[in-house]
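Trainee: Below: one structure in structure tokens.
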Amino acid sequence: MEDMIFYDRIQFGFTITFHYLFPQLTMGLSLLIVYFKGQYLRTNLPIYNSAAKFWMSIFALNFTMGVITGIPLEFQFGTNWAKFSELTGSIIAQTLAMEGMFSFFLESSFLGLFLFGEKLLGQKLHFLAGFLVFLGSWLSGWFILATFAWMQHPVGYEIFESGEFVLTNFTSLFTNIWLIPTFLHNQSASLVTSSFVMSAVGAYYLLTKTNLEFGRLFIKTGIIVGLVSSIFVAFPSGDWNAKNVSEHQPITFAAMEGIFETEESGSEIILIGQPNMMERKIDNKISVPNILSFLTYKNWNTTIKGLNEFDESLWPTNVPGLYYAYHIMVGLGTIFIGIMILATFFLWMKNLESQSWLLWILLFSFPFPYIANTAGWYTAELGRSPWIVFELLKISDGISPTVSSGNTLFTLLGFMALYALIGLLFIVLVGKIIHNGPQNGSAK
Amino acid sequence: MIEIVWYIIITLMLAVYAVLDGFDFGAGIIHLFFAKTEKDKQAIVNSIGPFWDANEVWLLASGGILFFAFPTVYASSFSGFYLPLMMILWLLIFRAIGIELRHQINHPMWHAVWDKLFGISSFLLALFFGLAVGNIVRGVNLGGVINGINSFEPHYFFLPLWNSTLSPFEANLGVIDWFTLMLGLVGLVSITIHGATWVIFKTNCSINYNLKKQIPILGLIQLFLVLVSLSIWHFVRSNPFANFSEFPIFILFPILMFLGIFGNIFINHFKNDHVGFIFSTIFLLSGFFSTSISLFPVLLHSTHNINPSLTIYNTSSPEYGLIIGLKWFSIAFILVVFYTILQFKIFSGKRDDIKHVDDNEISVGIKK
């Protein structure tokens, strides 16, 4: 039984971590492409259309990867988490089925039109098709996050004697207090990834002195969107989420922040350090007094309950993992704001291009938003464990009773091999597209 | 009552899925066995280019709808058919990269790799989906009963890929036995015909003339396989046609199914290139509905009397959610039909010269 749970969790964790590398770029990039396409309609400057087309070819590849790694996730609810699906299906599958019906069809139908139909549609309709792809991908985020929000903060349900969860209020799925802050946080984080990728490509062109015109356009767009989204992801959206956690999941909050001892006169914020679970303290700690109380409650002296206040059996299963995931996300998020403020300053001074040190930084910083996004999701998921539905259903009670660990390990190995292959292909092919560069010239 | 509506919706979604993804699986099979020149291969891939991704969403959406309307069946069948479903996933992944990576690099060896992957995975998927229908029709050992004792909860089961005798009569059932294999072949031949009619309909390939000669032969094989399957059906399940004798009006569906088969046997009597595709669409739609009527109200048959079959009545979500779901589903479905029609309108006619956004950019870039 234990190893069944273990392999089910590893497989889901692995496949969803790999999957989410793609949609975070898809969602943000679709908006940036719509922007380029819109600028082309407005100004009629061919560079915007070429820019849109260049990013579309990266987008197309990225989208395909997102789709093919996404289908296994929808299947895995049933294949590996059958008990969870059976008990909560009448609720979570509302939003999952809506995702399929409202967003997947929209994205995929108009992606076909967007990729193949420029000549057939004309520029205005082509813009519209692009906009609908963007809408579809963001709607998909909305519905999947509505599902996630329910797992974190179940609403509008009743539990039958059989253990089955039953929906009693449909609207509450979308007015869930967890949904809007999560949506804003997640979508702005996807814009961070996309804008860092775009400014990295821009920096690459400027550093190699190729496609200079595009390099300038990409770096400018990337930096401006990157600045706004990096700030927005921290404040107000990240802050809002943290408040939700501190209010509704106080134990998780203490574990995330690494607070063991309650400090009556206000909690310190821990910047760096390693949780020592045996002595219940943070080793090699660097911290600033009272800041956490201020950030959370706008009051320097509000008491925040530490982990020691709660029985250990109620703690999240993996406190150090949760602590690191959260600190990596927040730490990187802070660095992103710093990089983008610096870059905006030089952009504004109109001498960014001569700051090759900064271009190098922009070039090499693109992997980090991926790490931050992933760490953010680990924070959310490890923060909920051991619960699959917060405080109502345990992860261990959600697995498929009939699928043996040997079978799951078999498919896990299969996914690992397959994803290693497609990950490699993706990197090589996107590298090639970027290296070849956008084709200058007007739309044909 | 509302359960019946959702049963019809799921049947409809799966039937449309078979028609839509069926043509691009079929195109893959034709691509594998018939297309010889680079021009033809390119044309076949192009003809499904704008469609295949949206087609696959019908499978995802059908899964989502099953999950939502009949969560117990979704949970039980997806975990019970664990191995074949995972293999279907891998094949779908291989197939998708076969289609999407082909045009990334303009080199004959690169094309050869992805062409083969696309063709072989399409072939296997057509076979697997036929096998899947076979498994649903045959039923499974619900509860994993051995010597009269349940191994799992009564609505759960687990199927290995096969048992040692490939027989559908053993307690230890497998996914592949001679009965399901028969339906696998029906699926394979039907999808191949469907793909052939699509290629004739949507391309100017040099193989079209040859395909038109092959379709009647394939149609005869299809007719034979369908008749054999129908006549051996009662071995695995008693009285499979009860619903038709109770409601004779539904015999219309099997009649349409045979009309579809005969249409393609006599394909060469019709001039227009789209007629064959219409006949094979009629076959797939009415075939799905006929199967579904025969099964009603059962979603998953139990092969023994110890545990009851999973029906729409003992597995459905509560009424409140199903009724709300019907509201949003109606809106969404109208939109989806609109998108699908729009796609077919915009990419109407022969489409083998269609260009992907980066065809005239990236691949030209490689050549120089």
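The values are calculated or read from the model by the stated rules, or taken from the named source; none is laboratory data. Being a predicted model, the structure only gives us computed values, none of them experimental. Ideal geometry is used to build each Cβ from the backbone, glycine not excepted, and the neighbour counts take in all protein chains shown.
Trainee: Run down A:S287, A:S313, A:S293 and say which single residue is of a type outside the set (K, R) and part of a strand (DSSP E or B).
Mentor: Details: A:S313 fails: part of a strand (DSSP E or B); A:S293 fails: part of a strand (DSSP E or B).
Residue meeting the stated conditions: A:S287.
Trainee: All but one of (1) assigned to a strand (DSSP E or B); (2) farther than 21 Å from A:S246 by Cα hold for A:L362; state the number of the condition that does not hold.
Mentor: (1)
Trainee: Quick one: is B:N264 farther than 29 Å from B:D353 by Cα and either in contact with a Ser or Thr (Cβ under 7 Å, 6 or more places away or on another chain) or among the basic types (K, R) (or both)? Explain how you work it out, then say what you get.
Mentor: On the way: farther than 29 Å from B:D353 by Cα: no; either in contact with a Ser or Thr (Cβ under 7 Å, 6 or more places away or on another chain) or among the basic types (K, R) (or both): yes.
When the stated conditions are applied, B:N264 does not pass them.
Okay, residues lined up against (1) touching a Lys or Arg at 6+ places or on another chain (Cβ under 6 Å); (2) within 14 Å of another protein chain (Cβ to nearest Cβ); (3) on the phi < 0 side of the Ramachandran plot:
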{"residue": "A:F345", "(1), (2), (3)": "no, no, yes"}
{"residue": "A:F364", "(1), (2), (3)": "no, no, yes"}
{"residue": "A:G398", "(1), (2), (3)": "yes, yes, yes"}
{"residue": "A:L409", "(1), (2), (3)": "no, yes, yes"}
{"residue": "A:L418", "(1), (2), (3)": "no, yes, yes"}
{"residue": "A:G423", "(1), (2), (3)": "no, yes, yes"}
{"residue": "A:G431", "(1), (2), (3)": "no, yes, yes"}
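Trainee: I've got another one for you. Being over 22 Å from the mean Cα position of the chain (by Cα) and either more than 15 Å from A:A60 (Cα to Cα) or within 11 Å of chain B (Cβ to nearest Cβ) (or both) narrows it down to one of A:L132, A:L128, so name that one. I'd like the intermediate steps shown before the answer.
Mentor: Details: A:L132 fails: over 22 Å from the mean Cα position of the chain (by Cα).
Residue meeting the stated conditions: A:L128.
Trainee: If you check B:G143, B:G184, B:G139, B:G195, which single one turns out to be surrounded by 19 or more Cβ atoms within 10 Å (Cβ to Cβ), within 25 Å of the chain's Cα centre (by Cα) and at positive phi? So that I can check it myself, show each step before the final result.
Mentor: Values: B:G143 fails: within 25 Å of the chain's Cα centre (by Cα); B:G184 fails: at positive phi; B:G195 fails: at positive phi.
Among B:G143, B:G184, B:G139, B:G195, only B:G139 is surrounded by 19 or more Cβ atoms within 10 Å (Cβ to Cβ), within 25 Å of the chain's Cα centre (by Cα) and at positive phi.
Trainee: Here's a follow-up. Within the stretch A:369-398, track down each residue that is in a loop (DSSP other than H, G, I, E, B) and either of a type in the set (D, E, K, R) or in contact with a helix residue (DSSP H, G or I) (Cβ under 8 Å, 6 or more places away or on another chain) (or both). Spell out how you get there, then give the answer.
Mentor: From the stretch A:369-398, those in a loop (DSSP other than H, G, I, E, B) are A:385-386, A:390-392, A:398; that's our starting set.
Result: A:S385, A:P386, A:F390, A:E391, A:G398.
Trainee: Just need a number here: residues in the stretch B:317-351 that are more than 9 Å from every other protein chain (Cβ to nearest Cβ), polar (S, T, N, Q) and farther than 15 Å from A:F102 by Cα.
Mentor: Residues in the stretch B:317-351 being more than 9 Å from every other protein chain (Cβ to nearest Cβ), polar (S, T, N, Q) and farther than 15 Å from A:F102 by Cα: 1 in total.
Trainee: So if I check each of B:S77, B:S167, B:S122, which one is more than 11 Å from every other protein chain (Cβ to nearest Cβ), in contact (Cβ under 8 Å) with a residue 60 or more places away in the chain and not aromatic (F, W, Y)? Before you say what the answer is, go through the steps one by one.
Mentor: On the way: B:S77 fails: more than 11 Å from every other protein chain (Cβ to nearest Cβ); B:S167 fails: in contact (Cβ under 8 Å) with a residue 60 or more places away in the chain.
Just one listed residue meets the conditions, B:S122.
Trainee: Hey, could you check the stretch A:234-284 for residues that are of a type in the set (S, T, N, Q) and assigned to a loop (DSSP other than H, G, I, E, B) and say which is modelled with the lowest pLDDT?
Mentor: We begin by selecting, within the stretch A:234-284, every residue of a type in the set (S, T, N, Q); these are A:237, A:241, A:244, A:246, A:249, A:252, A:262, A:265, A:267, A:274, A:276, A:284.
Checking the rest, the ones that are also assigned to a loop (DSSP other than H, G, I, E, B) come to A:249, A:262, A:265, A:267.
Values: A:Q249: 96, A:T262: 93, A:S265: 88, A:S267: 91.
If we take residues in the stretch A:234-284 being of a type in the set (S, T, N, Q) and assigned to a loop (DSSP other than H, G, I, E, B), then A:S265 is modelled with the lowest pLDDT.
Trainee: Within the stretch A:44-52, is even one residue within 7 Å of chain B (Cβ to nearest Cβ) and within 25 Å of A:I427 (Cα to Cα)? Spell out how you get there, then give the answer.
Mentor: Step one: list which residues in the stretch A:44-52 are within 7 Å of chain B (Cβ to nearest Cβ), which gives none.
No, that holds for no residue.
Trainee: Only one of these is touching a Cys at 6+ places or on another chain (Cβ under 7 Å) and over 19 Å from B:I221 (Cα atoms): B:V199, B:V175, B:V140. Name it.
Mentor: Details: B:V175 fails: touching a Cys at 6+ places or on another chain (Cβ under 7 Å); B:V140 fails: touching a Cys at 6+ places or on another chain (Cβ under 7 Å).
It is B:V199.
Trainee: Then there is this: Answer yes if at least one residue in the stretch B:79-87 is surrounded by fewer than 22 Cβ atoms within 10 Å (Cβ to Cβ), aliphatic (A, V, I, L, M) and under 22 Å from B:A27 (Cα atoms), and no otherwise.
Mentor: yes
Trainee: Considering only residues of the stretch A:60-73 that are buried (at least 24 other Cβ atoms within 10 Å of the Cβ) and facing chain B (nearest Cβ under 7 Å), which is modelled with the highest pLDDT?
Mentor: So the residue we want is A:P72.
Trainee: From (1) touching a Pro at 6+ places or on another chain (Cβ under 7 Å); (2) not in a helix (DSSP H, G or I), pick out the condition that doesn't hold for A:G112.
Mentor: Result: A:G112 fails condition (2) only.
Trainee: Which one of the conditions (1) farther than 17 Å from A:Y370 by Cα; (2) modelled with pLDDT of 95 or more; (3) among the β-branched types (V, I, T); (4) surrounded by fewer than 20 Cβ atoms within 10 Å (Cβ to Cβ) does A:I231 fail to meet, given that it meets all the rest?
Mentor: (1)
Trainee: Still on this structure: Residues being farther than 17 Å from A:S140 by Cα and either over 24 Å from the mean Cα position of the chain (by Cα) or surrounded by fewer than 19 Cβ atoms within 10 Å (Cβ to Cβ) (or both): count how many of those fall in the stretch A:176-195.
Mentor: 1
Trainee: Taking the stated definitions as given, is A:F102 more than 7 Å from chain B (Cβ to nearest Cβ) and part of a helix (DSSP H, G or I)? Outline the logic, then answer.
Mentor: Values: more than 7 Å from chain B (Cβ to nearest Cβ): no; part of a helix (DSSP H, G or I): yes.
Criteria not met by A:F102.
Each row is one residue, and each column tells you yes or no for (1) within 14 Å of chain B (Cβ to nearest Cβ); (2) without any contact (Cβ under 8 Å) to a residue 40 or more places away in the chain.
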{"site": "A:F12", "(1), (2)": "yes, no"}
{"site": "A:L21", "(1), (2)": "no, no"}
{"site": "A:I58", "(1), (2)": "yes, no"}
{"site": "A:L87", "(1), (2)": "yes, no"}
{"site": "A:F110", "(1), (2)": "yes, yes"}
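Trainee: Residues A:F170, A:F214: which one is more than 30 Å from B:S317 (Cβ to Cβ), over 23 Å from the mean Cα position of the chain (by Cα) and modelled with pLDDT of 95 or more?
Mentor: Details: A:F170 fails: more than 30 Å from B:S317 (Cβ to Cβ).
Result of the check over A:F170, A:F214: A:F214.
Trainee: Would you be able to say whether some residue in the stretch A:63-78 is farther than 30 Å from B:N314 by Cα and charged (D, E, K, R)? Let's see the steps before the verdict.
Mentor: Within the stretch A:63-78, the subset farther than 30 Å from B:N314 by Cα is A:63-70.
Next, only the ones that are charged (D, E, K, R) stay: none.
Looking for residues that are farther than 30 Å from B:N314 by Cα and charged (D, E, K, R), one finds none in the stretch A:63-78, hence no.
Trainee: Is it the case that the stretch A:140-156 has a residue that's more than 7 Å from every other protein chain (Cβ to nearest Cβ), over 19 Å from A:M56 (Cα atoms) and over 22 Å from the mean Cα position of the chain (by Cα)?
Mentor: Yes - at least one qualifying residue is present in the stretch A:140-156.
Trainee: If only one of B:N208, B:N243 is within 23 Å of B:L20 (Cβ to Cβ) and more than 22 Å from the chain's Cα centre (by Cα), which one is it? Before you say what the answer is, go through the steps one by one.
Mentor: Numbers: B:N243 fails: within 23 Å of B:L20 (Cβ to Cβ).
Answer to the check: B:N208.
Trainee: Surrounded by fewer than 24 Cβ atoms within 10 Å (Cβ to Cβ) and either within 26 Å of B:K213 (Cβ to Cβ) or without any contact (Cβ under 8 Å) to a residue 40 or more places away in the chain (or both): is that true of B:F33 in this structure? Please lay out each step first, then the result.
Mentor: Details: surrounded by fewer than 24 Cβ atoms within 10 Å (Cβ to Cβ): yes; either within 26 Å of B:K213 (Cβ to Cβ) or without any contact (Cβ under 8 Å) to a residue 40 or more places away in the chain (or both): yes.
Yes.
Trainee: Just to be sure before I move on: is B:G98 over 14 Å from the mean Cα position of the chain (by Cα) and within 12 Å of chain A (Cβ to nearest Cβ) in the structure I sent? Don't jump to the end; show me each part of the working.
Mentor: Working: over 14 Å from the mean Cα position of the chain (by Cα): yes; within 12 Å of chain A (Cβ to nearest Cβ): yes.
Criteria met by B:G98.
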